[in-house]
Amino acid sequence: MELHKLFEGQYKQLEEYIDEIAERISKLGAKTIGTMKEFSAASTLKETPGKYPSQKEMLKELLDNHEMMVQHLRKQVEACTEKHKDAGTADFLTGIMVEHETFAWVLRRYLK
C-alpha cells in the first residue's frame, strides 16, 4: 500500500505537469499534441509491454526514468536559455526538473 500511495502521488503531480506544459505551449503560440500516437512518438520514455518487474525492479526503472528526465530537462533549459533566449520557459522547465530530482531522491531512499 505504501508504494501504491507513492506512485499515486507521483502520478498526480506528473498529470498536473501535462496540463501546465500544454498551457505553456499554447502561451507561446504553438499547437499542443493530443493523441496517444503523438504522445508515444514524442516520448523519450518507452513502455515495456509484457514485462512485469519485481517491486525492486519497478522502483529502479522508475528511478532511471526520473534521472533520464532530469538529464533531458537540463539540456532543454540550456537550449531555452542560450539558443532561444526564453527565460520564462527555462524557469518553468527548471521547476519541473527540480521535482524530478526530488522524485529520484525519494526512490533512491526506497532502494537503499
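All of the numbers you see were taken from the coordinates with simple rules; none came from a lab. Note that the coordinates shown come from a computational prediction; the quantities given were computed from them, not determined experimentally. FYI the Cβ positions are ideal-geometry reconstructions off the backbone, even for glycines, and counts take in every protein chain you see.
Filtered by the rule that a residue be under 13 Å from the mean Cα position of the chain (by Cα) and free of Cβ contacts under 8 Å to residues at least 60 places away in the same chain, the stretch 96-112 gives M97, V98, H100, E101, T102, A104.
Note on the stretch 79-94: among residues that are surrounded by 14 or more Cβ atoms within 10 Å (Cβ to Cβ) and not polar (S, T, N, Q), the one that is farthest from the chain's Cα centre (by Cα) is D86.
For the stretch 64-95, a tally of residues being aliphatic (A, V, I, L, M) and without any contact (Cβ under 8 Å) to a residue 24 or more places away in the chain returns 5.
From the list E67, E38, the lone residue that is at negative phi and under 16 Å from the mean Cα position of the chain (by Cα) is E67.
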